[in-house]
1. Hey, could you check segment A:1-44 for residues that are assigned to a loop (DSSP other than H, G, I, E, B), of a type in the set (Gly, Ala, Ser) and at pLDDT 90 or above and say which is surrounded by the most Cβ atoms within 10 Å (Cβ to Cβ)?
2. Mind checking which residues of segment B:64-80 are of a type in the set (A, V, I, L, M), at pLDDT below 95 and not in a strand (DSSP E or B)?
3. Search segment B:139-155 for residues being out of contact with any helix residue (DSSP H, G or I) (no Cβ under 7 Å at 6 or more places or on another chain) and among the aliphatic types (A, V, I, L, M), and hand back the single one that is farthest from the other protein chains (Cβ to nearest Cβ).
4. Taking B:GLY49 as the residue in question, decide whether it is farther than 18 Å from B:TYR80 by Cα and out of contact with any strand residue (DSSP E or B) (no Cβ under 9 Å at 6 or more places or on another chain).
5. Evaluate the following for A:VAL97: is it closer than 22 Å to A:GLY11 by Cα, more than 14 Å from every other protein chain (Cβ to nearest Cβ) and out of contact with any strand residue (DSSP E or B) (no Cβ under 9 Å at 6 or more places or on another chain)?
6. Please indicate, with yes or no, whether at least one residue in segment B:81-89 is of a type in the set (S, T, N, Q), assigned to a strand (DSSP E or B) and either within 21 Å of B:ILE164 (Cβ to Cβ) or touching an Asp or Glu at 6+ places or on another chain (Cβ under 9 Å) (or both).
7. Exactly one of these conditions fails for B:GLU131: (1) more than 21 Å from A:HIS185 (Cα to Cα); (2) not in a helix (DSSP H, G or I). Give me its number.
8. For the subset of segment A:164-186 comprising residues that are closer than 14 Å to B:ALA183 by Cβ and of a type in the set (D, E, K, R), which member is surrounded by the most Cβ atoms within 10 Å (Cβ to Cβ)?
Number of protein chains: 2
Amino acid sequence: MRQGALVVISGFAGAGKGTLVKELMKRYDNYALSVSMTTRSPRPGEKEGESYFFVTKEQFEKTIEENGFIEYAQYVGNYYGTPRAYVEEQMRSGKDVILEIEIQGAHKVRKLYPDAILIFVTPPSAQILKERLTGRGTETAEVIKKRMDRAAQESEGIEDYDYIAVNDDIETCVTNVRGMIEASHFRPALNEEFISQVRADLEKMATE
Amino acid sequence: MRQGALVVISGFAGAGKGTLVKELMKRYDNYALSVSMTTRSPRPGEKEGESYFFVTKEQFEKTIEENGFIEYAQYVGNYYGTPRAYVEEQMRSGKDVILEIEIQGAHKVRKLYPDAILIFVTPPSAQILKERLTGRGTETAEVIKKRMDRAAQESEGIEDYDYIAVNDDIETCVTNVRGMIEASHFRPALNEEFISQVRADLEKMATE
């Protein structure tokens, strides 16, 4: 059984990461979606184990102590983290595990799993990003300004990603990201067993 | 115009690199095949500018002096090299340039072009490699033994490649390699202009 890949998806707020991940999960059956754990309260419509695992501060800190997170961070007074057990279990079973996390988390994942594949999702232009954020109609001008500022900061980290996925048309974007993940299965790191076998056999034949 | 990728294809003798490259060139029109220069004499059926550019030792050494090779090596008394001008011209024009070269050459290319994509072609097993080499029926047992020994040595370098392409069924292999090359177009290094533009626009908006 070949080990699955670890796929990190980050990107600007408003880039369409959520839709992208939802489509990937809907269309292909070899992906497992990692669900984050948080201490913040569920918002209307959010489901336990689907949107997040909602836990108390004590439970979260106990998991930290047990080294139970791949990465975690505090944000506006709440904890957010990626539970390790699920991710490693799914990868071992051959599934590609998708993590939707922000840049700092992505860096931590890269350190722990150098073979993770990091994908940065971006709209086709800054102008379109602004329009998408404005178009939602649910945010104040101040919130939009904050998100644009944050996007400007985050854009500094794009080169640390393996791939950028331009989300102009969602169909094209899903197909492209699918291609990036599929290609990653052919990296030597995910085929160590095969390589070792060929190498051992060749060496054996060479000394015959 | 997006710059093309530099695609290095290496692999064991008998792995089917030649067929793979031929099929890629036949099926897709965004590839340019780099033709090597050599000082060895043409063999029956080999065509100037197609199999190789056949030149004199003096011409070859003049090209070396002019820094005209991406990589070159001596092998059994003859020079072999990859002319730089064609490769860079084609990449600039947006074509993905395919180089079929051996491992030492691949390492040199990687140093000069860190963003090159390196693909190692291998049969599905050492046993099948041996059968393919034997099955050609054109080689002596001694030559086959030499090639197997060389393959054993070369196998040590597989991890330096970005991808391994297992050539069991040629159709599948061509499709997989096509996927690796296509995915490589989404690496940040090949999208620097786009990234700079988005970044500049975001920063401009952030200060507005």
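1. Step by step, filter segment A:1-44, then rank; the result is A:ALA5.
2. B:VAL76
3. Per the stated criteria, the residue is B:VAL143.
4. Spelling it out, it is not the case that B:GLY49 is farther than 18 Å from B:TYR80 by Cα and out of contact with any strand residue (DSSP E or B) (no Cβ under 9 Å at 6 or more places or on another chain).
5. The answer is no for A:VAL97.
6. Yes.
7. (2)
8. A:GLU182
The values are calculated or read from the model by the stated rules, or taken from the named source; none is laboratory data. Please read these numbers as outputs of a predicted model, since none were measured by experiment. Methodologically, a virtual Cβ is constructed for each residue, glycine included, from the backbone with ideal geometry; neighbour enumeration extends over all protein chains shown.
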